[in-house]
Amino acid sequence: MALGETHGEMGGGESMSDLTAEQLFKINELHLKTVKAENKLSKQSASLQEDTVDMPIGITAFYKEEIGETDVVVERALDKHEEDMAGLLAEADKLRLTTLTNMVEILTAVQAADFLLAGKKLHLAMHEWGRCRERRRHEAWGGGGDSGGEVAGE
């Protein structure tokens, strides 16, 4: 099947449309649990964004004699924020992996293979659409000449 196709069977006897009532129930439970965890992560992200307002960066920058001067207080605040953001990203990655693992455990082997294949096809399609979009933008902005940049990954 070509990258752009969106219909037809992938082969095999089972597919995601052959879910049992028990599988649907378990998937719904997983969905509700995942949404709850996503909401928690969203609140943590919003809190971290709000915390940046309380950072001493703006005030310190305003009173500095030279732009770019280092400041220990600002560096510490940025380091703490960076650490917190890295922790949040790690939690989001863990949630994605846990959700994927639980989903695969609910499905039969063939359904899981179809599910993983569909996810990979979506990933590749999004990547290709992004590349095409970037190429069109590059060309629209006079990218044919010596404008100094090339589309990433080409």
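The values are calculated or read from the model by the stated rules, or taken from the named source; none is laboratory data. Not measured: the values here are computed from a predicted model. Note that we place each Cβ from the backbone using ideal geometry, even for glycine, and neighbour counts take in every protein chain shown. Just the protein is used for accessible areas: all its heavy atoms, side chains included, with ligands, DNA and RNA removed. Shrake-Rupley method; radii C 1.70, N 1.55, O 1.52, S 1.80 Å.
Some points to look at:
- A residue that is open to solvent by 70 Å² or more (accessible area, probe 1.4 Å), over 30 Å from S17 (Cα atoms), among the hydrophobic types (A, V, I, L, M, F, W, C) and modelled with pLDDT of 95 or more can be found somewhere in the stretch 89-112.
- Note on the stretch 97-146: residues that are of a type in the set (S, T, Y) and either farther than 22 Å from N28 by Cβ or not in a helix (DSSP H, G or I) (or both) total 1.
- You will find that of G13, G8, the residue that is modelled with pLDDT under 90 and under 30 Å from C132 (Cα atoms) is G8 and no other.
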